[in-house]
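S.K.: First the structure, which I've put down as structure tokens, then a few questions once you've had a look.
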Amino acid sequence: MGVLLAVVVIVAFVLVALNASQAGASPQEVVVIANADLQPRIPISKDNLSTRSIPVPANYPKVYFTKMDDVVGFVPLVPIQQGEIIASNEVAKPSQALGSQSEYLPIPQGYVALTIPTSEQQGVADYIQPGDYISVIATVSGAGKVATKTIYWDVRVIKVGTPSSTANSSATSLTVVVSQCQAEIITWFLTYASLKYSLESYKDYLANGQPAADPNCETIKNAKGVTLSNIQASFPGLFN
């Protein structure tokens with residue numbers, strides 16, 4: 001009886017082990033994981049990703065990605081640690097991310113984004129698109145004189161404002177990248193003069209995609225404000 005009882009116990013143990021093994025033998029699935037620590041609002045590049053095979057139980061909700069290309073360009077909504085599986089509810093397309101979780105604007109260090117008004121005639125009949133470069137033309141009138149001068153070249157556009165719901169309406173704003181000193185000067189001209197924009201040829205675009213250097217304003221703290229006398233000294237052709 002003792003031997004028989006021992007055999008029954010061994011058989012039962014083997015059956016339990018086999019069932020557990022079969023239960024754990026889920027199909028393998030290739031999933032996308034983080035190849036580095038990912039922070040919210042910074043678009044994911046292919047260098048940030050890799051893949052790993054993991055067992056996925058049948059009927060498991062597909063909250064993961066199987067191809068790296070499906071994740072490239074998304075922005076994390078929460079911090080994702082290196083080695084973690086990237087879940088579909090942790091990332092979003094930049095256009096779908098809301099509020100503080102949206103993608104960072106592509107502003108180089110030391111520069112700022114500034115939104116300027118535009119219209120069909122002011123902004124090249126709506127041909128200006130994100131990624132284009134424009135020149136900024138100022139017109140000043142006073143004391144019976146009118147003068148026009150290009151004040152900036154190679155100003156990069158990173159966003160075009162959404163037109164109103166009215167049919168055939170034009171965009172009403174352009175968001176550009178400039179130094180903080182340039183932002184102050186443009187703001188002065190918008191207040192006391194008028195601005196118009198010309199669209200530069202794509203063959204003349206800056207090769208590195210960076211805004212034109214401003215040697216007098218290497219950081220945003222170099223901006224000290226502007227007055228009429230500053231404008232006259234910087235752009236004498238407009239006032240002579």
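What follows is calculated from the coordinates using simple rules that are stated; it is not laboratory data. Every value quoted in this text rests on a predicted model; they were computed, and no experiment measured them. So basically every Cβ, Gly included, is an ideal-geometry build from the backbone, and we count neighbours across all protein chains shown.
S.K.: What is the magnitude of the charge dipole of segment 103-240 about its Cα centre, with +1 placed on the Cβ of each Lys and Arg, -1 on the Cβ of each Asp and Glu, and no other charges, expressed in debye to the nearest 20?
M.R.: Magnitude of the dipole: close to 340 debye.
S.K.: Whose amide H sits under 5 Å from the amide H of residue 77, counting only residues 5 or more places off or on another chain, with H placed in the peptide plane?
M.R.: Amide H neighbours of residue 77, under 5 Å, 5+ apart: 91, 92.
S.K.: Please report the projected area of segment 27-99's Cα convex hull averaged over all directions, in nm².
M.R.: 4.6
S.K.: Another question about this same structure. For segment 127-158 and segment 179-240, what is the centre-to-centre distance using only Cα atoms, to the nearest Å?
M.R.: That distance is 9 Å.
S.K.: Work out from phi, with θ = phi - 60° and the Karplus expression 6.51 cos²θ - 1.76 cosθ + 1.60, the ³J(HN,Hα) of each residue of segment 184-200, listed in order in whole Hz, and give x for Gly and Pro.
M.R.: Each residue of segment 184-200 in turn: 5, 5, 4, 4, 4, 5, 5, 7, 10, 9, 9, 10, 9, 10, 10, 8, 7 Hz.
S.K.: Relative to the Cα centre, what is the charge dipole magnitude of segment 32-102, using +1 at the beta carbon of each Lys and Arg, -1 at the beta carbon of each Asp and Glu, and rounding to the nearest 20 debye?
M.R.: Here the size comes out at about 140 debye.
S.K.: Report ³J(HN,Hα) in whole Hz for each residue of segment 171-177, in order, from the Karplus equation J = 6.51 cos²θ - 1.76 cosθ + 1.60 where θ = phi - 60°; Gly and Pro get x.
M.R.: 4, 10, 8, 10, 9, 10, 9
S.K.: Of 124, 193, 160, whose Cα points farthest to the positive end of the dipole of segment 112-238 (charges on the beta-carbon: +1 Lys, Arg; -1 Asp, Glu; origin at the Cα centre)?
M.R.: Toward the positive end, the furthest listed residue is 193.
S.K.: Kirkwood hydrodynamic radius (Cα pairs, Å) of segment 102-217?
M.R.: Over segment 102-217, the inverse of the mean reciprocal pair distance is 14.9 Å.
S.K.: Collect residues whose amide H, placed 1.01 Å from N in the peptide plane, falls under 5 Å from the amide H of residue 51; neighbours closer than 5 in sequence don't count.
M.R.: Amide H to amide H, under 5 Å and 5 or more residues apart or across chains, residue 51 pairs with 33.
S.K.: Further question: Give the residue list of GluC sites (Glu not before Pro) in segment 112-206 that are DSSP loop and have at most 14 other beta-carbon atoms within 10 angstrom.
M.R.: Sites meeting the loop and neighbour criteria: 120.
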